[in-house]
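Let me begin by presenting the structure, written as structure tokens, before commenting on it.
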Amino acid sequence: MAVQRITPQELKSKLDRGEDIAILDVRTEEAYDASPMKIKGAIRIPPGQLVENLDRIPCADEYVTYCT
């Protein structure tokens with residue numbers, strides 16, 4: 001399975017159209033705290049904690065992850 005990249009503009013367009021997308025913010029705590037950039041509605045799950053937090057990830061047609 002290939003991982004595709006998406007630009008911020010493409011993501012915004014998809015969200016504006018109401019597409020079913022779950023956004024995962026997988027930045028470290030330090031990177032998250034240091035950045036003023038946050039996506040409203042994104043679910044923050046730090047690296048290494050994904051498996052134990054699978055129940056926090058909603059079912060969606062598409063998943064977008066972002067990091068630093």
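Can you give the charge dipole size of the chain about its Cα centre, rounded to the nearest 20 debye, using +1 on the beta carbon of Lys and Arg and -1 on the beta carbon of Asp and Glu?
Charge dipole, the chain, about its Cα centre: 220 debye, nearest 20.
Run the reach check for LYS14 against aspartates and glutamates, Cα to Cα strictly under 19 Å, same-chain hits fewer than 8 apart removed. What comes back?
Correct list for LYS14: ASP25, ASP61, GLU62.
May I ask for the equivalent-ellipsoid semi-axes of the chain, computed as the square root of five times each C-alpha gyration tensor eigenvalue and listed largest first in whole Å?
For the chain, the ellipsoid semi-axes come out as 19, 16, 11 Å.
At what distance in nm do the modelled label points of GLU19 and TYR63 sit from each other, each positioned 7 Å from its Cα along Cα→Cβ?
A separation of 1.7 nm, rounded to one decimal place.
Using θ = phi - 60° and the Karplus curve 6.51 cos²θ - 1.76 cosθ + 1.60, what whole-Hz ³J(HN,Hα) does each residue of segment 55-62 get, with Gly and Pro shown as x?
5, 7, 8, x, 5, 8, 6, 9
Values quoted throughout were computed directly from the atomic coordinates according to the rules given, and no laboratory measurement underlies them. Keep in mind it's a predicted model, so treat the numbers as computed, not measured. We place every Cβ from the backbone using ideal geometry, glycine too, and count neighbours over all the protein chains shown.
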